[in-house]
Amino acid sequence: MSHFLWVEDFSGNTSKSATETVFGEWLKNKTLPNTETGIKKLLKKHGVFVELSFLSGLQFIHNPDKLLSVDYIILDIDLIIESDVEADDRERLINILQGYYGYDPQSTDDNAKQQSLNKAKGELIPKAGYQLYTELVIEIGFPKDHILFCSNHGQEHKNIQGIFKAAKIDLPQLLSKDDKAKVQAWIRQRRQNPYSVLRRGILNVIDHVEKEINNNNLKLTPPFAKEADPVNAATFLKGLKFLLKDELKEPNKEEQRHLFLTLCDTLTKPFERFSKSLFNGKYDGKNLNNIQMDQAFLIPAYFIRNWVAHGLLTHSQTHSAQDIGFIFILVIKNLFNYSSLQAFKSLYSAPTMADQDLVQLLSELHGYYSEPKAYDIFEQIRAKGEKKSNKNWQQEPFMAHLYASFLFNCMNQVPVSQQYDQKNRTQLLRNKREYYFNLKYRMVAKEELFEQLKPIAYHRLQQFKRSLK
């Protein structure tokens with residue numbers, strides 16, 4: 001889910017009522033604490049970071065790690081200046097007061113100096129939200145359409161409108177807390193934005209994996225920790241974070257295509273160590289089961305690596321945030337045996353799926369992939385990316401092939417008896433859990449993450465089915 005920074009001093013409101021107004025829909029059925037500290041703790045659990053003064057908000061936005069932890073910012077206009085801030089943290093505040101609000105720190109008269117400071121603060125208070133906005137947009141480059149002014153007083157709205165008009169700057173998004181429905185609609189749309197959810201999910205998983213590695217709770221799985229050629233986990237994770245650090249604003253379609261290819265390239269580089277022996281459940285002559293690796297997760301990631309490396313995905317059809325999230329989940333599972341699906345839950349709202357529906361779909365697809373000389377389904381999928389033998393490779397829907405290569409892992413090949421009668425040989429569905437195509441396939445239960453991803457892959461593959469011709 002998307003994360004928010006909320007700079008709000010609750011003046012003129014109780015912390016409880018203000019929170020209900022702004023984030024009430026998000027915190028539905030939650031009991032709200034009566035204290036500001038309690039509100040901050042509760043909201044932080046739900047991805048909302050609260051700062052209660054201008055200076056603490058200023059410190060937050062100028063801390064790169066903290067700013068990277070949020071996707072959207074909600075600003076009150078009238079803010080108290082200081083609250084629970086150490087004296088040596090005020091240098092930036094003094095510079096603002098001196099540069100814009102007439103504070104004169106050079107006075108030798110202590111009384112005059114204090115009066116000058118108090119006057120400057122008094123002038124800043126009704127414009128504090130504006131000052132944070134200019135710091136964010138002009139100094140830091142934060143996207144202005146990711147910022148909302150949200151205040152409770154009509155006079156504050158007039159003040160901020162006048163300030164922007166005088167500065168000849170387009171007025172940013174401005175809503176009153178009295179307009180609860182519009183405020184909550186703004187938050188809902190951004191909270192559910194697929195790109196923001198994807199980016200935030202990846203960054204949060206990276207942070208979590210880094211911490212778990214440092215605490216010795218996670219480590220690379222055997223094929224990627226191989227002594228002769230180990231994956232540098234720290235560099236891999238930092239590289240992903242670097243790619244997304246400045247990609248806060250949703251890219252346009254062309255930018256999304258480039259970002260998708262770059263992410264796929266970075267994500268799947270560790271899979272260059274695999275070869276076609278992977279299809280036989282082998283790696284370096286070892287059985288994958290003996291080293292606790294499931295080819296159900298390895299094979300799709302291996303395919304993506306090959307398709308990216310050979311320039312095939314540039315001609316693939318449009319991808320989505322759901323596709324990138326799916327690939328990321330596979331990669332993190334392979335590298336660290338860690339399920340990151342929970343971080344992307346709001347991306348996937350696929351309904352449940354019956355086993356017989358999946359069997360029906362895969363039986364239809366087996367007819368699409370089947371070739372007289374090759375019965376191994378994964379070899380047939382791999383061949384779709386062979387430029388020399390597949391003259392129509394530019395029209396191949398490689399995202400569909402990705403999901404197919406994942407789902408076929410839940411169907412085991414079963415030897416067919418010579419006594420099978422002709423009726424059974426031509427029957428696609430049998431007992432609703434198997435089907436027959438030269439070889440018979442039978443559905444098997446897989447581990448929890450696979451079963452959770454199975455309906456996601458099924459519904460995405462259904463959307464692609466028309467392109468499989």
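The values are calculated or read from the model by the stated rules, or taken from the named source; none is laboratory data. Every value quoted in this text rests on a predicted model; they were computed, and no experiment measured them. Counting neighbours? That spans all protein chains shown, and the Cβs are built from the backbone with ideal geometry, glycine included.
Worth pointing out:
- Of the residues examined, K119 is one that is surrounded by 15 or more Cβ atoms within 10 Å (Cβ to Cβ) and either assigned to a helix (DSSP H, G or I) or out of contact with any strand residue (DSSP E or B) (no Cβ under 6 Å at 6 or more places or on another chain) (or both).
- So I77, is it in contact with a Pro (Cβ under 8 Å, 6 or more places away or on another chain) and buried (at least 21 other Cβ atoms within 10 Å of the Cβ): yes
- Which listed residue, of G38, G57, G24, G47, is of a type outside the set (A, V, I, L, M, F, W, C) and touching a His at 6+ places or on another chain (Cβ under 6 Å): G47
- Any chance L148 is crowded, with 20+ Cβ neighbours inside 10 Å, over 26 Å from the mean Cα position of the chain (by Cα) and not hydroxyl-bearing (S, T, Y): no
- Some residue of the range 327-341 being assigned to a helix (DSSP H, G or I), touching a Leu at 6+ places or on another chain (Cβ under 9 Å) and within 24 Å of R466 (Cβ to Cβ): yes
- Residue, nearest to L449 (Cα to Cα), within the range 382-412, restricted to residues that are under 28 Å from the mean Cα position of the chain (by Cα) and among the aliphatic types (A, V, I, L, M): L407
- Tally, over the range 159-189, of residues that are in contact with a strand residue (DSSP E or B) (Cβ under 9 Å, 6 or more places away or on another chain) and small (G, A, S): 1
- Q114 out of contact with any strand residue (DSSP E or B) (no Cβ under 8 Å at 6 or more places or on another chain) and closer than 25 Å to S11 by Cβ: yes
- Hey, I187 assigned by TED's automatic domain parsing to the domain that holds Y130, in a helix (DSSP H, G or I), in contact with a Phe, Trp or Tyr (Cβ under 9 Å, 6 or more places away or on another chain) and not acidic (D, E) or not: yes
- Meets criteria (in contact with a Leu (Cβ under 7 Å, 6 or more places away or on another chain), among the aliphatic types (A, V, I, L, M) and surrounded by fewer than 19 Cβ atoms within 10 Å (Cβ to Cβ)) for L244: yes
- There is no residue in the range 46-62 that is surrounded by fewer than 18 Cβ atoms within 10 Å (Cβ to Cβ) and assigned to a helix (DSSP H, G or I).
- Search result, residues across the range 185-218 that are buried (at least 17 other Cβ atoms within 10 Å of the Cβ) and among the polar types (S, T, N, Q): N193, S196, N204
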